[in-house]
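The values are calculated or read from the model by the stated rules, or taken from the named source; none is laboratory data. As the structure is a prediction and not an experimental result, all values here were calculated from the model. Every residue, glycine among them, receives a Cβ derived from its backbone with ideal geometry; neighbour counts consider all protein chains shown. The area values use the complete protein model at the heavy-atom level, side chains included, leaving out ligands, DNA and RNA. Shrake-Rupley method; radii C 1.70, N 1.55, O 1.52, S 1.80 Å.
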Amino acid sequence: QVHLVESGGGLVQPGGSLRLSCAASTRIFSFYLMAWYRQAPGKQRELVATITRADTTTYGDSVKGRFTISRDNTKNAVYLQMNSLKPEDTAVYYCYVADPSAGYWGQGTQVTVSS
């Protein structure tokens with residue numbers, strides 16, 4: 001069983017930045033995919049960004065050019081740097097990882113963008 005703990009969420013003004021962290025209970029180099037998803041109230045969960053074992057990244061259209069996903073194998077962590085935040089970025093952000101046998105979710109961290 002893999003445990004994921006997200007942190008770094010909070011309240012930020014429009015145009016501000018936040019950095020989310022996801023700490024894994026096991027070595028992350030075994031995961032072929034790590035990702036961030038988000039879910040706003042009344043909406044379906046949507047993919048924000050992914051990073052592969054080879055450090056290939058992809059982004060949702062709504063966050064391209066503003067968000068950056070990265071990973072640190074030495075710290076067993078994946079990060080989401082969020083810049084130029086907008087009110088529509090308000091959501092619970094979830095970390096997700098996948099290995100050859102299963103996928104695992106974190107508990108989520110709330111991000112609220114408001115003035």
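Cross-link partners for LYS86 among the lysines, with Cα-Cα distance under 22 Å and sequence neighbours closer than 8 places in the same chain left out: LYS43, LYS64. Per residue, the chain exposes 52 Å² of solvent-accessible protein surface, assessed with a 1.4 angstrom probe and all protein chains in place. 3J(HN,Hα) along the stretch 91-108, derived from phi through the Karplus expression 6.51 cos²θ - 1.76 cosθ + 1.60 where θ = phi - 60°, amounts to 4, 8, 9, 10, 8, 9, 9, 9, 10, x, 10, 6, x, 9, 10, x, 8, x Hz, with x in place of Gly and Pro. Counted without the sites themselves, the longest stretch of the chain free of trypsin sites (Lys or Arg not before Pro) in a DSSP loop having at most 11 other beta carbon atoms within 10 Å is 65-115. Between GLY65, GLY103, GLY42, the GNM of the chain built on Cα springs shorter than 10 angstrom shows GLY42 fluctuating the most.
Here the accessible area is traced with a 1.4 Å probe on the protein chains. For the stretch 1-104, carbon and sulfur cover 49 percent of it.
Our summary gives the chain a relative contact order of 37 percent, counting only alpha carbon pairs under 8 angstrom and 6 or more residues apart.
In the neighborhood of TYR96, defined by Cβ-to-Cβ distances under 14 Å, what is the net charge if each Lys or Arg adds +1 and each Asp or Glu adds -1? Charge balance in the 14 Å sphere: 0. Under 5 Å between amide hydrogens, built in the peptide plane, is the criterion, and for GLY108 it picks out GLU6, CYS95 among residues at least 5 positions away or on other chains.
Restriction of the chymotrypsin sites (Phe, Trp or Tyr not before Pro) in the stretch 17-115 to DSSP coil positions whose beta-carbon has at most 16 other beta-carbons within 10 angstrom yields TYR32.
Hey, got the dipole for the chain? About the Cα centre, +1 on K and R Cβ, -1 on D and E Cβ, debye to the nearest 20?
So the magnitude is around 80 debye.
Backbone phi angles across the stretch 14-19, fed through the Karplus curve with coefficients 6.51, -1.76 and 1.60 (θ = phi - 60°), yield HN-Hα couplings of x, x, x, 10, 9, 10 Hz in residue order; Gly and Pro are listed as x.
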